[in-house]
1. Find how much the distance from SER50 to PHE62 grows on full extension, using 0.36 nm per residue of separation minus their present alpha carbon separation; answer in nm with one decimal.
2. Could you state how much accessible area LYS40 has, in square angstrom rounded to the nearest 10, with a 1.4 Å probe and all protein chains kept in place?
3. Along its three principal axes, how long is the range 24-67 when you only count alpha carbons? Whole Å, largest extent first please.
Amino acid sequence: MVNPVGWSDVKMVNHKATFTDFTYFDFLGVTWLANGQMIKQSKYFDMKSSGDKHTLTIAEAFPEDEGEYMITAKNSAGEVSCTATLHVRYSIQ
């Protein structure tokens, strides 16, 4: 049986956005999507997994990075997904 994934945290500090997710079971792999498009590891997008904790960090989030982010975790019993929405707002100091 697949146990649901759940967001524990979505943070934006300065221009850096971090999504943190916990899966609760062993998964063979996770994938990340932004607005339906697969995210690839790069200097802008950093994806890490350690045990049941999975993070996606956007080094510098801009308005064009806004939208729905999804993590999908798969194992032999199936797959589960969880989504969160990123809103980028700048304040003038």
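The values are calculated or read from the model by the stated rules, or taken from the named source; none is laboratory data. Not measured: the values here are computed from a predicted model. Heads up: the accessible areas ignore ligands, DNA and RNA and are worked out on the full protein's heavy atoms, side chains in. Shrake-Rupley method; radii C 1.70, N 1.55, O 1.52, S 1.80 Å.
1. Working: separation 12, 0.36 × 12 = 4.32 nm, distance 2.71 nm.
Extra length from SER50 to PHE62 when fully extended: 1.6 nm.
2. 150
3. Here the spans come out as 34, 20, 16 Å, largest first.
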